[in-house]
1. Looking at the stretch 80-96, is at least one residue open to solvent by 50 Å² or more (accessible area, probe 1.4 Å) and in contact with a Lys or Arg (Cβ under 7 Å, 6 or more places away or on another chain)?
2. For the stretch 113-164, give me the residue count where each residue is assigned to a helix (DSSP H, G or I), open to solvent by 70 Å² or more (accessible area, probe 1.4 Å) and of a type in the set (Phe, Trp, Tyr).
3. Can you tell me which residue in the stretch 29-70 is farthest from Asp19 (Cα to Cα), limited to those that are outside any helix (DSSP H, G or I) and open to solvent by 60 Å² or more (accessible area, probe 1.4 Å)?
4. Confirm whether Leu75 is at pLDDT 90 or above and either over 29 Å from Val13 (Cβ atoms) or open to solvent by 50 Å² or more (accessible area, probe 1.4 Å) (or both).
5. What are the residues in the stretch 1-27 that are modelled with pLDDT of 95 or more and either exposed (fewer than 12 other Cβ atoms within 10 Å of the Cβ) or among the polar types (S, T, N, Q) (or both), if any?
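The values are calculated or read from the model by the stated rules, or taken from the named source; none is laboratory data. A quick note: this is a predicted structure, and the numbers were derived from the prediction, not measured. With ideal geometry, Cβ positions are generated from the backbone for all residues, glycine too; neighbour counts draw on all protein chains shown. Surface areas here come from the heavy atoms of the whole protein model, side chains and all, with no ligands, DNA or RNA. Shrake-Rupley method; radii C 1.70, N 1.55, O 1.52, S 1.80 Å.
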Amino acid sequence: MSSNEEAEGRPLVSYRTLDISVAIFFLIVAAIVITDSLRLGIAWKPNEGPQPGLFPFYIVVAMGIASLVNLANALPRTPEGERIATTIPGIKRMAAIFVPAVLFVLATNYIGIYVSAAIYIGTFMVFFGKFPVWKALAVSLGIAIVNFMMFEVWFLVPLPKGPLEAALGY
């Protein structure tokens, strides 16, 4: 085995480290949302109903409690927690999914959700599913058209549009 192959297969992070990191991240998010919910108000006003922060407050309190439980479970060193969560090839596979998803979200702002979705679906079909280009085009365009009809025409729910939809008069 070459040194490059050894480096590629070496462990990057354990489940314990990931569990602790994610629990702390969600505790920080919970603290931010709780602070903002308190600013908005969490009371139920008679003859008015809930204040804007009520629902987010209780949801994030549950999320915070769950994060504390996960953190408490992850802190002790156990054989299960020390198992390898991922390696360099694993990170590369995750990036192959994550990076296009981020690009899809960013592209939605500029070319609209329907065109972005068609490109995203078609690209995944060709590069990951190994489908012929004609099938990827048919499926991705079909899904984009059906979604456009469903949201824009039938349900009247406006979603982000780009220059193509503007040219079509939508």
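1. Checked the stretch 80-96: at least one residue is open to solvent by 50 Å² or more (accessible area, probe 1.4 Å) and in contact with a Lys or Arg (Cβ under 7 Å, 6 or more places away or on another chain).
2. Residues that pass the stated criteria total 3.
3. Asn47
4. For Leu75, the condition - at pLDDT 90 or above and either over 29 Å from Val13 (Cβ atoms) or open to solvent by 50 Å² or more (accessible area, probe 1.4 Å) (or both) - is met.
5. Ser21, Phe25
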